[in-house]
Each structure stands twice: as C-alpha cells, then as structure tokens.
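J.: Shown below is the structure under consideration.
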C-alpha cells in the first residue's frame, strides 16, 4: 500500500474519532518549524519486554522511538526522503547519540527504513489523537474498509454523542501506595491521575482523567494493560 499523505491521515482520523466504539546539541521538543536530519535505525528484538527509559514496556508493534534529547511524549513526523513515505512516532525511550532516531520495527517498516537518513519534524500536541489511532487508520485503509467505517460512524454518533471516558487504573489501601504505583506510568500520563476515595471501603481509586471517546479509551487501556492488569474504562463524570 502506498503511504497516504499526512492531510489524508488527518481526514480519516477525524472521521474515525466520531466512532465511539472503535551526543550533540539538544534538539527542541517544541519547535515545530525546523526539519532535522538524522539517521533512522530500528530496535533489536532483544529489547522486547524490557522497560524503556520512560517506564513503558517495549514492543515492536507500536509507533514509538528513542532519541537522546527529545522530551518523552514528543510527537515526530518522520519522512524517508528516498520514497516520501511518512510515519508519526512518539518518543518514549533514550539512545546515546542525538543524530540517531531509533524506531520500532513497525514504524521503520512503514516508511521502509533500515539504517539511513530520515527527516524529522516536531508535531504540536494536538496531533496526539492522530498518533493514537494511526495503526488502526492504516489497517482500515489497507483492508479497504473506509466507506464501511464512515457509514457505521454516522449511524452511531447521534446515539452516543457526549459520552466521554476515563480509565480506572487500580484500587489500593492508601494514597501513598497509590502514588508509588502511579510512578510506573509513562511521565506524560502521571499528571493526569486523580485520587478518589471509595466511600464504603475507604480504598483509594487511581483514575486517569482523559475525557476521551470510547475508541481512544480502548487504545490507552491496551497500552497500559501490561502495567495495570485490572485497568478498566469508566464514564467521565
């Protein structure tokens, strides 16, 4: 499948979000005007299952990457100048050199990179929703299901309009214990956790306050399942 231009991905993403069920210098993580050139590589399989520098468990199946200085959570648009193919990745790990961007195998295969020069641009935070559903979008396009997706989304959106969801990560006996367990979370999620007390049991409930639709909640639940096996989707108040 030929890679779709970024504006096409944006269009598909907006439609998909309607569906409720579905060594060197430091590089700025906020400057979205510059195009950086570096060498794109990909991880060895020996890292599968290990923790990344951000605390996430590494998998080759996600669109993530390692860099020396980009802040965790930074979104990057990576272009292979040899073929024009692009992919959006999120930084969740560190590598030794600032001229290297170490991609997951999934991301590297998407743009057909093995070990050569790539162009990298920082994306604004608003692109986070696109990154979250990127793999689903590509799968939908590859299988030719876009028309069915839109038809299904239009028929359901009126019934589910306004429904937003958070994630209940776990319950424990004390706030101190809850805070220690939350340290397992990737850094960019930690400041979104609220601690609530269950009236009857007195237990502390750790809730990741996201206020997103069901489809996005399902994706984040899958992402955090290895860290919190009992994570569940709850309605946002």
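Bear in mind that the values in this text are calculations on the coordinates, not laboratory data. From a predicted model like this one, the values you see are computed outputs, not experimental measurements. Note that we place each Cβ from the backbone using ideal geometry, even for glycine, and neighbour counts take in every protein chain shown.
J.: Computed over the Cα atoms of the range 171-220, what is the ratio Rg over Rh, Rh following Kirkwood?
T.: 1.01
J.: As a test, work out the antiparallel percent of DSSP beta bridges whose residues both lie in the range 27-136, rounded to the nearest 5.
T.: Just about 70 percent of them are antiparallel.
J.: Would you mind pulling out the separation of the Cα centroids of the range 43-65 and the range 118-136, in Å?
T.: Centre-to-centre distance over Cα atoms comes out at 18 Å.
J.: Label points 7 Å out from Cα along the Cβ direction at residue 50 and residue 194: separation in nm?
T.: Going from the residue 50 label point to the residue 194 one covers 3.8 nm.
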